[in-house]
Amino acid sequence: MTSAVLPFGRNRRLLSSVALVPLLWPVDGLAQTASANPRGLDPIVVEGQTARPAKPRATANAGSSRQRRAAARPAAAPAPAPAEAATTRAATAPTFNLGTPSSTGSRLGLTPLQTPASVEVIRAETIAERGQHNVIDAVTQNATGFTASPAPGNGGLSFATRGFTGNGTVMSLYDGTRMYVGSGTMTFPFDTWTAQRIEVLRGPASVMYGEGAIGGAVNVISKKPLDVQRNEAEISLDTNLLRRLAVDSGGPINPNVTYRLAAIGNMSDGWVDRDTMSNVAVSGSVRVQAADNLAFTLSEDYADRSPSRYFGTPLVNGGIDESLRFKNYNVGDSSIRYRDNWTQFKTEWDVAEGVSVKNVTYYLSSHRHWKDVESYAFSPTTGNINRSSYIEIFHDQEQVGNRFDTTFKGHLFGLANQFVAGFDVNRIAFTHTNNSPYSGSSSVNPYNFDPGNFLWVSSTRPSFHTKTTQYGLFAENRLSLTDQLSVIGGVRSDHPTVERTDFLTPANSFEKTYSAPSWRVGVVYNPIPDLSLYGQYATAVDPVTNLITMTGVNRDFALSTGKQVEVGIKQQLAGGRAEWTLSAYQIVKNNLLARDPQNPANTNPLQIGQQSSRGIEASAGLKVTETIRLDANVAWLRAKYDDFTQVVGGQVVNYAGNVPANVPQVVSNIWATWAFAPGWSANAGVQLVGDTWADNANTLVRPAYNVVNAGMMWKPDSRQTFALRVYNLFDTVYATSGGTSQWILGMPRTAELSYNVKF
C-alpha cells in the first residue's frame, strides 16, 4: 500500500488571493454606480423581545394596566422608502458588533467596547449568510482564535482557544447556563437554527461561570419571543444527501403574551461509508408580560441526535492514505444517540428606578449511548486494519439549578456606578454504565471487508454514580471615574461537593468538597468616542478532571489555578463602516498532574505541572462600498508546557517546551461578501489552521490546512432566498482531530442548494 502523506504547509497567501480577488476586482465600477443604482448588502434584523420604552408611573385616571401596556407597546414601523433603506444598509453590517450589548463577558449588559476582555458576538444573520449549520463551524469560522477537535467520543463539541483545549477548559453554555461536563462529553447545543446569536469570550471565564473555563467560553443564545408576527421556513439538500427542513415562528398571542417556536430536522447518508445520521432539535418559549415591570419566560429545548459513527481514518506511515479517505471501519451494528432536554423558567423584575432582579430556574438532562469499535491501527506486517476498543457506554445525567442576581444602577460618591450580585446553586446526578475494560479486537482488509457486529466480550453494567452539589456567590462592579475612564471588577466563590459511589470497587467511593475562588479587575479608557484601550488581570480554576466524574485517584488534588494578563484596543470608525480589535495576553496554569520525577515507579501523579501560553489576536471588518464587505481575524500564540513530567518506557521524560496536543499556533479566518447585482450576492471565506501536534510528546504533527467555502444567494424579493453553497471548495484533505494512529478527517467538497422563505 502506498501512502500519500499530506504536505506540512500550504501557500496561505495564494489561497487567500484566490478566494478574495474574484470578489474585489470590480470595486471601482461598483462604487461609481452605487449612487445611480442603490443596492447593497442586506440590513441586519435584530430579533428578540422589542425594547419597551420607559413609562411614567400611572395616575388614577390613566386607564387599566392592560390598556396602558397596550398603548405603550411600540407599533410596527412602516416600510421605509427606497432611499431610507439604502441609508440603513450603508450604516449596518451583521459582523460589526463592538457596540452590541453582550451577556457573556459581563453580567452588567456591557458592550464589547465597554468590557476589558476579548468578547465577540456572532449574529444569526452572519451564520445564515455563510451557511454554517452547526455550532462548531459558526464558532471556528467566525470567531478569532477558536479551533475545535470534534469527535463522537466527546459529543462533537470540543473547542480550543488561547492554548487550552477540551470541554474541561473551554466552557459551552446555552443562554448563559452551563451543563456540567461528565467524562469530557458535551452534546448540546449543536445546531444553529435555534440560535439568535453566539457569543464567545476568550480568556478565563471562571469569575462568570465557575470552575472549568480557563481558556474561554462559548455561549449560544436561543431565539426569543417576538412582539411582531414573523414566520420562516427553510429546506436544503446537499451532495452527501443531507436533507434539512427547518421552521421558525414567533409573535404575539395577545397584548401581554408572546411566543417563539423553532424546529430543525435533518437526515444524511454521510460522506464516509455506512454513516447514516439524523438530528432533531426543537426550541420553544413563551413570554408573559405580567406587569409593566415584571415578565416571565418559560422555555423548552429538546434535541435527539443520531450523529456520525465515524471515529477516524487509520494512519499509514504517519500520514493519510487518500485511498482510505471514505472508509468507515466501525462495526455494522454500531450505534450512537444523544437526547438532551433543557427547561428554563426566567423572571425579570424592574423593582424600582435603577434596581432590577433576574432569576432563572432550570432542569437539564442528557442521556447518551455509544456502541462502537473506536480504535483503528494499520499493520505494516499484514497490511490490514487492526480494530480494538469495543466500547458500550451509557451516560445518564440530570441537573437542577437556580441562578439569582440583582443589579443596581446609580452613583457612588457622585460617580456613575453599576453593581450586580447574586448566587447560583446546582445539583447534578450522573450515572456511568459501561462494558469496561473495553476489550475485544478484530482485523479487516483496508478496502474490502465485512464490518461485522459488535463483540460482546464484557458485560455492560453500572460503573459509578455521582451526586454533585454546588453553590456559588458572585459580584461585579463598574465604576465610571470619568466619562472616559472606568474600572470593572468581579469576584466569585464556588463550593462544589462531589459524592461518588463506585459500584465495581466500593473502596473507591468518596465524598469531597472543593473551594474555587476567582476574581478579575480591568480598566477601560476611551480617549475618543468609539475607541477603547483596556487592560485586565484575571484568575481562574480548573478541576484536574471533570468535576462530576472525579475518580478516587484524583479526589485529593486541589483544583488547578490559572491567571491571565491581557491588554488591548478596540475601535469602531467611519460611521459604523469599519471596526478593528487588537489584544495581547499571557496565561499561566499551575498544579497540573504529572509523574514524580524522582520515583518513576510511583504511578500516583503529583500536582507539580505548569502550562502557559502567550499570544496576539487581531480582527478587522470593513465595508468597502455599499456592496462589498471584508472581515478577517488572526491569532498567533505560543503555547507550551513549562513543567510536565511523564513516564515513557520506564523512564522519566519532561515535556517542558512541548506544545500541548490539539493546539495550533496560528489560526485565521478571512471572509469577503459582494452584492454584485440587485438581489444577488456572493461570499467566500478561507479558514487557515496551522500545524497541530497530535500528542503531548510532539512526535507526530497534523499538517496545517486551508479550507475555502463559498456561496451565492439570490433574493427575487424581500421574502425569498435561494442559495447555492460549496463547502471545502478545493476538496482539501485535512484532519481536525486524532492521535498517533488515526485521524478524523474533515468533510470533502460538498455542494448545497437551499430555499428560505419568510412570511
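The values are calculated or read from the model by the stated rules, or taken from the named source; none is laboratory data. Being a predicted model, the structure only gives us computed values, none of them experimental. Cβ: placed from backbone, ideal geometry, glycine included. Neighbour counts: every protein chain shown.
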Inset, instruction - Pull up the stretch 104-149, narrow it to residues that are of a type in the set (Lys, Arg) and in a loop (DSSP other than H, G, I, E, B), then point me to the one that is nearest to Thr169 (Cα to Cα). - result: Arg107
Inset, instruction - Could you identify the single residue in Ser439, Ser389 that is at pLDDT below 95 and within 35 Å of the chain's Cα centre (by Cα)? - result: Ser439
Inset, instruction - Kindly indicate whether Gly410 is over 32 Å from the mean Cα position of the chain (by Cα), part of a strand (DSSP E or B) and either modelled with pLDDT of 95 or more or closer than 27 Å to Gly182 by Cα (or both). - result: yes
Legend entry - Selection count where residues are more than 20 Å from Ile548 (Cβ to Cβ) and part of a strand (DSSP E or B), scope the stretch 462-496: 15
Legend entry - So Asn591, is it assigned to a strand (DSSP E or B), more than 14 Å from Pro116 (Cβ to Cβ) and either in contact with a Lys or Arg (Cβ under 6 Å, 6 or more places away or on another chain) or not hydroxyl-bearing (Ser, Thr, Tyr) (or both): yes
Legend entry - Gly176 buried (at least 23 other Cβ atoms within 10 Å of the Cβ) and in contact with a strand residue (DSSP E or B) (Cβ under 9 Å, 6 or more places away or on another chain): no
Inset, instruction - Identify the single condition in (1) surrounded by 19 or more Cβ atoms within 10 Å (Cβ to Cβ); (2) not in a strand (DSSP E or B) that Ile393 does not satisfy, given that it satisfies every other one. - result: (2)
Legend entry - the stretch 514-556 - residue that is part of a loop (DSSP other than H, G, I, E, B) and among the aliphatic types (A, V, I, L, M) and, of those, nearest to Tyr209 (Cα to Cα): Val544
Legend entry - Qualifying positions in the stretch 591-618 - buried (at least 17 other Cβ atoms within 10 Å of the Cβ), closer than 30 Å to Gln651 by Cβ and not small (Gly, Ala, Ser): Asn591, Leu592, Leu593, Arg595, Pro600, Pro605, Leu606, Gln610, Gln611
Legend entry - Enumeration of residues in the stretch 222-279 that are without any contact (Cβ under 8 Å) to a residue 60 or more places away in the chain and not in a strand (DSSP E or B): Gln229, Leu241, Asp269, Gly270, Val272, Asp273, Asp275, Thr276
Inset, instruction - Give Gln646, Gln687 a once-over and let me know the one that is touching a residue at least 24 places away in the same chain (Cβ under 8 Å) and in contact with a Lys or Arg (Cβ under 9 Å, 6 or more places away or on another chain). - result: Gln646
Legend entry - The one condition in (1) aliphatic (A, V, I, L, M); (2) surrounded by fewer than 16 Cβ atoms within 10 Å (Cβ to Cβ); (3) under 25 Å from the mean Cα position of the chain (by Cα) that Val351 fails to fulfil: (3)
Inset, instruction - Search the stretch 200-215 for residues that are crowded, with 24+ Cβ neighbours inside 10 Å and pair each with any residue that is assigned to a helix (DSSP H, G or I) and among the hydroxyl-bearing types (Ser, Thr, Tyr) when their beta-carbon atoms are under 9 Å apart and the residues are at least 6 apart or on different chains. - result: Gly212/Ser206; Ala213/Ser206; Ile214/Ser206
Legend entry - Condition met for Arg387 (of a type outside the set (A, V, I, L, M), touching a Lys or Arg at 6+ places or on another chain (Cβ under 9 Å) and within 27 Å of Thr187 (Cα to Cα)): no
Inset, instruction - Tell me which residues, restricted to the stretch 270-327, are surrounded by 21 or more Cβ atoms within 10 Å (Cβ to Cβ) and among the acidic types (Asp, Glu). - result: Asp301
